[in-house]
Structure formats: C-alpha cells, structure tokens
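Just so you know, all these numbers are worked out from the coordinates, no wet-lab data involved. Quick caveat: nothing in here was measured; it's all calculated off a predicted structure. Ideal geometry is used to build each Cβ from the backbone, glycine not excepted, and the neighbour counts take in all protein chains shown.
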Amino acid sequence: MEAWIGPAIVAVLISSIVTVAGWFMALRHERLREAERRQERIEDIQTALLADIRSSSHRFSGTDLDLHLREIEARISRAMPAEAYTPFVPREPGSLLWPSVAGEVHILPNEVIDAVVIYFSQLETIRLFAEDLRADQFASLNPERKIEMYGDYIKMAKYLVDLAEEAERVLARSLDIKPPINSPASGRSDR
C-alpha cells in the first residue's frame, strides 16, 4: 500500500503545481492585456485631446488679436453717445470632448493632466466671459468700461493660445509625435 500512496501523492502534488502555475500564467497574461488596453485608452484620450485643443485654440490663434483689439477700441471710442458701439462677441462653444473625458483624466501622465486641465479651465473661463460680453449689461456700459472688458477678453484669448501651445507640446511629447506643422507649438506659427 505504501508504494501506491507515494506515486498518488506525487501525482497530486505535480498536478497542483501545474494548476497553480497555470493560474499565475493566466493572471500574468490578463494583466499584460489589461495594461495594453489601458495604454491604448491613454493614447486615444491624448490624441483626441490634442485634436480638441487644436480645434478650439485655432479660433483665437488665426487672428491678430492685438490688431483686432485696436480696431474694436477705435470703434467704441469713435461712436457717438446716442449710437454707442458694442462689439459682437460670438458664442464660445467651449470643448466638445472635455466634458466626456474629464472623469478619466486621472489615467493620463501627470504633466499632461496639468497642461490639459489648465487649458480647459481657461477655455471655460473665456466661454463664461463671452456670455457676459453678449449680455445687455455689457451693451449698457460706458465706452471706457467696454474697452476694458473687451481688452480683458482679448488678453484671456491670448493666454489661451499660449496654454494651447504648451498643452500641444506636452501631449505631442507624451504621444512621442512631433507637433503638427500648422500648430503654434511646432514653432511655425503664422501669428
């Protein structure tokens, strides 16, 4: 009987070791697949954010903001009190993507999070300020105050372009790509 118990115990031990090794291999393989999926998700989010930032900042970077401000200041100043000039400020749509990925921003690299959150925070500030400039209260202000507020709007837009350049640089570095040629972050801006 002792001869029979010995090989049975050895077979059970070997079977157990093989089973446990299989579990560890399956777990390791699953973790590698999960890491690959996470990395793909990070790259997808960063690529989408890069496109969104380029899209929204392009609205401001394609205009000579200093020249535009001088023209608006002149129009406001020249207007007669009875026909006060109020510049038209288009509705700022903000970001189409940011609200849907903001909850996942924690998976991105830290330097990307910082640049992206600061950029989208400034974009939201501009969106809200543009709504103030579209209000009847703005139209009723005296010319000097209108010029000050519109000047603040332009300064905020210029700062947004700077933040966009930084965010594009950080995202491109994280994605290991060159910034797009038309991008201000590439150093070949038409501004």
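Net length available on complete extension from residue 111 to residue 84 is 5.1 nm, with 0.36 nm assigned per residue and the Cα-Cα distance removed. Under a model in which nothing but the beta-carbon of Lys, Arg (+1) and Asp, Glu (-1) is charged, segment 12-59 shows a dipole of about 80 debye around its Cα centre.
Taking the charge dipole of the chain about its Cα centre, with +1 at Lys and Arg Cβ atoms and -1 at Asp and Glu Cβ atoms, the residue from 108, 161, 122 reaching farthest to the positive side is 161. For Cα Rg over 2.2 N^0.38 Å, computed directly from the structure shown, the correct entry in (1) 1.00; (2) 1.04; (3) 1.78 is (3). Under a model in which nothing but the beta-carbon of Lys, Arg (+1) and Asp, Glu (-1) is charged, segment 36-191 shows a dipole of about 280 debye around its Cα centre. Rounded to the nearest 20, the size of the Cβ-charge dipole of segment 24-116 about its Cα centre is 160 debye, with Lys and Arg at +1 and Asp and Glu at -1. Counting charges near residue 124 (Lys, Arg +1; Asp, Glu -1) among other residues having Cβ under 14 Å from its Cβ returns a value of -2. Among 161, 10, sorting on how many other beta-carbon atoms sit within 10 Å of each Cβ, with the fewest leading, yields 10, 161. Considering only 162, 64, 136, the Gaussian network model of the chain with Cα springs below 10 Å gives its largest mean-square fluctuation to 136. Computed from label points 7 Å out along Cα-Cβ, the spacing between residue 96 and residue 156 is 2.3 nm.
Centre-to-centre, using Cα atoms only, segment 74-94 and segment 105-147 are separated by 19 Å. May I ask you to derive the FRET efficiency for residue 131 and residue 32 from their Cβ-Cβ distance with R0 = 45 Å, giving the value to the nearest 0.05? That gives a FRET efficiency of 0.40.
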